[in-house]
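Have a look at the structure below before the remarks.
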Amino acid sequence: MKTMRLGINGLGRIGKLTLWHHVARKFFHEVVVNIGREVGTSLRDIAHYIEKDSTYGSLGGYLYGFRGGKVITDIDEGAGTMSIDGLKVKILRETRDPSGIGWDEHGVRLVVDTTGKFRDPTEPADSPNGSLRGHLESGAEKVILSAPFKIKDKSKSMPRDSITTVMGINEDDYEPDQHCLISAASCTTTCLAHMVKPLLDYFGPQRILTASMATVHAVTSSQEVLDRLPKPGATDLRKNRAIFNNIILTTTGAADTLGLVIPEMKRIGFIAESVRIPNTTGSLVILVVNLLEEPTGEPIRREVINGIYKKASEKDLRGYLHYSEEQNVSSDIIGLPRAAAVIEARETHTRTAEVGIDLERACRLVDGRPALADREHKISIAITQAVIYGWYDNELGSYVNMLGDRTVSIAECM
């Protein structure tokens, strides 16, 4: 246990499960959680919310299985503290503006912001609606964002002190002396990055012609339980429709964020789509890549693709990438520790086709003449399309556990 306090801003899905993670891990000797408002009638109501979860069961069960019982004790309403499995947790309920929390007063140097409200790293600390930099103004030295950065003013570039990392992909890009705002990307980008990286390492970016992905994603708290009127200025009316009896088309920024953690992907045409389904957690990435065959090389078949992932998973000592030949369903991967992506090898498919190209039509004209006038105008290229499925627990199992690894790795450098 390190003599260091961790701050968590927000106690929604990711905030609560982040607290669970660090209660189990016990790397920090104390956790300070800012809710920023009164909840229920007392601190005991907050303890009740922390101790029980409709998706993952009780906190005691998470920690100790069938032997688990109540693990929250010593609830002190006056001090705003409780003990969770021996770890001191202090709850702050005064302000939701990061600049007014006063992290320095509580001895907190490292904060994980899980609210999803403060995502713009260019917003100043004194922004009227609050900002991510407000945590720095409040005394924190490092702030980890449990979501992708989103710069509202498109004329602005990413600040020099801000970086996006995914554990197992580019965590070494983090420079302790330079970066104080760190985005841990998203659950979908985390899964996608671990699916794409082995292919890039094996084929190189030159042989990946295009790629696309669709995530079949569990519901999030931004969606509605029942149909509801949209907020002023809302343009996507589908987000206000009831999630538990609808399949809802939506958007994802996974393609843009992927380019931040794997820069080679910026050279490859990439499309990312998202479909929300009536499921509390457990999601799926369907990755489609078009690969250039080499005339003298080994043909790209499903055995080759599966072999790439199998070898990559065996080299991944932290177990972020899993390779499975079982017949899985979404509930099988719920809570699976640090499984950024579980490759469903049985469903890997490939199909090769010869694509004919008329060079005279494809090439630009030079001085009014075909650029390739004296050459053979038509060529044939073999392209293989591969479809790969990757499961991920978009809450605790995959994202929160890897967010915890990112948090501890940053704390170790402080």
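Filter region 274-314 down to the residues that are among the aliphatic types (A, V, I, L, M) and in a loop (DSSP other than H, G, I, E, B) and list them by number.
Residues satisfying the conditions are Ile277, Ile300.
Let me confirm something: among Asp113, Asp126, which residue is of a type in the set (Asp, Glu) and in contact with a strand residue (DSSP E or B) (Cβ under 8 Å, 6 or more places away or on another chain)?
Asp113
Restricting the search to region 237-267, which residues are part of a helix (DSSP H, G or I), among the polar types (S, T, N, Q) and surrounded by 11 or more Cβ atoms within 10 Å (Cβ to Cβ)?
Across region 237-267, the qualifying residues are Asn240, Thr257.
I'm trying to understand the selection: among the residues of region 234-271, which are in contact with a Leu (Cβ under 8 Å, 6 or more places away or on another chain) and within 21 Å of Thr348 (Cα to Cα)?
Phe270
Looking at (1) over 29 Å from Ser324 (Cβ atoms); (2) part of a helix (DSSP H, G or I); (3) touching a helix residue (DSSP H, G or I) at 6+ places or on another chain (Cβ under 9 Å), can you tell me which one Ala234 breaks?
Evaluating Ala234 over (1) over 29 Å from Ser324 (Cβ atoms); (2) part of a helix (DSSP H, G or I); (3) touching a helix residue (DSSP H, G or I) at 6+ places or on another chain (Cβ under 9 Å) leaves (2) as the failure.
So is Thr210 more than 30 Å from Glu141 (Cβ to Cβ), of a type in the set (Val, Ile, Thr) and out of contact with any helix residue (DSSP H, G or I) (no Cβ under 7 Å at 6 or more places or on another chain) or not?
yes
Considering region 218-233 alone, what residues qualify as being under 26 Å from Gly15 (Cα atoms) and aliphatic (A, V, I, L, M)?
Listed by number, the residues that qualify are Ala218, Val219, Val225, Leu226.
Evaluate the following for Ser331: is it hydroxyl-bearing (Ser, Thr, Tyr), assigned by TED's automatic domain parsing to the domain that holds Ala254 and either surrounded by fewer than 17 Cβ atoms within 10 Å (Cβ to Cβ) or in a strand (DSSP E or B) (or both)?
So Ser331 fits the description; yes.
For region 144-176, which residues satisfy the criterion of being among the hydrophobic types (A, V, I, L, M, F, W, C) and part of a loop (DSSP other than H, G, I, E, B)?
Passing the criteria: Ala147, Phe149, Ile151, Met158, Val166, Met167, Ile169.
The values are calculated or read from the model by the stated rules, or taken from the named source; none is laboratory data. Here the structure is a predicted model, which means the values were calculated and not measured. Note: ideal-geometry Cβ built from the backbone for every residue, glycine included; neighbour counts use all protein chains shown.
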